[in-house]
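**Student:** My questions all concern the structure below.
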Amino acid sequence: MIEILTGTYQVIDPTRGRAPSAIELDMGCGKGRLALELARRYPDRVVLASDVMLGRLRRIDRKATNRGLTNLALLRADNLDLASYLLPHACIDRIHLLCPDPWPKERHRIKRLVTTDFVGRLVRLLKPGGVLHMSTDHVPYLADWRRILALYPCLREAAAAIADIADIQTEFEVQWRAAGKDVPHLAFRLEPRPPDRG
Ligand SMILES: C[S@@+](CC[C@H](N)C(=O)[O-])C[C@H]1O[C@@H](n2cnc3c(N)ncnc32)[C@H](O)[C@@H]1O
């Protein structure tokens, strides 16, 4: 089922009324290959997959139904709204932001999603110990992203946190690799809270 969240100001229940062992969020899920595969591999987890393109979400919904996946929730939501107020604080175990920002030209910089502010909003969503997973088909973004991520000392690089899904390539990754491009991935973990010294 697709939940339409554009133009609303509610805070949704990310557990979808279940008691999941973990919650994964695929932001800008595109055609849904990662989200569908996560839902299949981890039936005890809830997978939230969001995008603004309703047609894409409808096609994913049909695939999920055909595959009997009941732990995949499709959200029509803008990335910024989702990160800012549609989800509660500290509710997500792993955020995937794969091949966002098709805006490599300098004059389009203003349109890019990944900024210091946006990363701060993603940190808000992560549970302590949660993981932020990003990839790009535009390698120069990597240096920008690393500079931004370094502004959050609470985030530590943790490549092993995505080892279980290293074999999954999203539709865009497949497309870019076929065109001869590298598509590097980054994973950062939010440090668990320090022990209470009180
Ligand atoms: C380049 S595609 C990448 C899709 C997928 N993650 C992949 O790797 O195959 C970017 C996706 O983000 C979605 N998108 C663009 N702007 C968005 C926004 N403001 N909020 C949510 N999704 C957005 C697009 O509809 C598209 O499906």
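**Student:** Check Tyr152 against each of (1) touching a strand residue (DSSP E or B) at 6+ places or on another chain (Cβ under 9 Å); (2) part of a loop (DSSP other than H, G, I, E, B); (3) within 28 Å of Leu36 (Cβ to Cβ) and name the one condition it does not meet.
**Tutor:** Looking at each condition in turn, Tyr152 falls short on (3).
**Student:** Residues of the range 92-115 being closer than 23 Å to Ile168 by Cβ and of a type outside the set (Val, Ile, Thr), which ones?
**Tutor:** The initial filter retains those residues of the range 92-115 that are closer than 23 Å to Ile168 by Cβ, namely 92-102, 113-114.
Correct list: Asp93, Arg94, His96, Leu97, Leu98, Cys99, Pro100, Asp101, Pro102, Leu113.
**Student:** Read through the list (1) over 15 Å from the mean Cα position of the chain (by Cα); (2) modelled with pLDDT of 95 or more, then give the number of the only condition that Lys127 fails.
**Tutor:** Answer for Lys127: the failing condition is (1).
**Student:** Could you tell me whether any residue of the range 80-87 is touching a strand residue (DSSP E or B) at 6+ places or on another chain (Cβ under 8 Å), away from the ligand (no atom under 13 Å from the Cβ) and either not in a loop (DSSP other than H, G, I, E, B) or not aliphatic (A, V, I, L, M) (or both)?
**Tutor:** No, the range 80-87 has no match at all.
**Student:** Return the only residue of Cys99, Cys154 being crowded, with 18+ Cβ neighbours inside 10 Å and farther than 20 Å from Ile12 by Cα. Full working, then the answer.
**Tutor:** Numbers: Cys154 fails: crowded, with 18+ Cβ neighbours inside 10 Å.
Sole residue among the options that is crowded, with 18+ Cβ neighbours inside 10 Å and farther than 20 Å from Ile12 by Cα: Cys99.
**Student:** Now, a different point. May I ask you to list pairs of residues, at least six apart or on different chains, whose Cβ atoms are under 9 Å apart, with the first in the range 162-190 being under 21 Å from Gly130 (Cα atoms) and the second being among the small types (Gly, Ala, Ser) and within 14 Å of the ligand (Cβ to nearest atom)?
**Tutor:** Taking only residues 6 or more apart or on different chains, the pairs are Pro184/Ser135; His185/Ser135; Leu186/Ser135.
**Student:** Here is a follow-up. Go through Arg121, Arg156 for me and flag whichever is touching a helix residue (DSSP H, G or I) at 6+ places or on another chain (Cβ under 6 Å), touching a residue at least 12 places away in the same chain (Cβ under 8 Å) and of a type in the set (Lys, Arg).
**Tutor:** On the way: Arg156 fails: touching a helix residue (DSSP H, G or I) at 6+ places or on another chain (Cβ under 6 Å).
After ruling out the rest, the residue left standing is Arg121.
**Student:** Testing Arg107 on (1) out of contact with any helix residue (DSSP H, G or I) (no Cβ under 7 Å at 6 or more places or on another chain); (2) within 13 Å of the ligand (Cβ to nearest atom), one condition comes back false. Which one is that?
**Tutor:** Answer for Arg107: the failing condition is (2).
**Student:** Looking at (1) surrounded by fewer than 16 Cβ atoms within 10 Å (Cβ to Cβ); (2) in a strand (DSSP E or B), can you tell me which one Pro43 breaks?
**Tutor:** Unmet for Pro43, out of (1) surrounded by fewer than 16 Cβ atoms within 10 Å (Cβ to Cβ); (2) in a strand (DSSP E or B): (2).
**Student:** What's the total number of residues in the range 107-117 that are out of contact with any strand residue (DSSP E or B) (no Cβ under 9 Å at 6 or more places or on another chain) and within 17 Å of Ile148 (Cα to Cα)? Before the answer, list the steps.
**Tutor:** Step one: filter the range 107-117 for residues out of contact with any strand residue (DSSP E or B) (no Cβ under 9 Å at 6 or more places or on another chain), giving 107-112, 115-117.
Subset that is within 17 Å of Ile148 (Cα to Cα): 109-112, 115-117.
Total satisfying the criteria: 7.
**Student:** Can you spot a residue in the range 18-27 that is within 14 Å of the ligand (Cβ to nearest atom), within 20 Å of Leu98 (Cβ to Cβ) and out of contact with any strand residue (DSSP E or B) (no Cβ under 9 Å at 6 or more places or on another chain)?
**Tutor:** The answer is no, given that none of the residues of the range 18-27 is within 14 Å of the ligand (Cβ to nearest atom), within 20 Å of Leu98 (Cβ to Cβ) and out of contact with any strand residue (DSSP E or B) (no Cβ under 9 Å at 6 or more places or on another chain).
**Student:** Here is a follow-up. Does Lys63 qualify as being within 10 Å of the ligand (Cβ to nearest atom) and at negative phi?
**Tutor:** Working: within 10 Å of the ligand (Cβ to nearest atom): no; at negative phi: yes.
So Lys63 fails the test.
**Student:** Between Leu132, Leu97, which is within 12 Å of the ligand (Cβ to nearest atom), touching a strand residue (DSSP E or B) at 6+ places or on another chain (Cβ under 9 Å) and outside any helix (DSSP H, G or I)? Can you show your working first?
**Tutor:** Values: Leu132 fails: within 12 Å of the ligand (Cβ to nearest atom).
The conditions single out Leu97.
**Student:** I would also like to ask the following. Return the residues of the range 150-173 that are of a type in the set (A, V, I, L, M, F, W, C) and within 13 Å of the ligand (Cβ to nearest atom); say none if nothing qualifies.
**Tutor:** Within the range 150-173, the first condition is being of a type in the set (A, V, I, L, M, F, W, C), and the residues that meet it are 150-151, 154-155, 158-163, 165-166, 168, 172.
Residues satisfying the conditions are Ile165, Ile168, Phe172.
The values are calculated or read from the model by the stated rules, or taken from the named source; none is laboratory data. Everything numeric in this text was worked out from a predicted model, so none of it was measured. For neighbour counting, all protein chains shown are included, and Cβ atoms are generated from backbone atoms with ideal geometry for every residue, glycine included.
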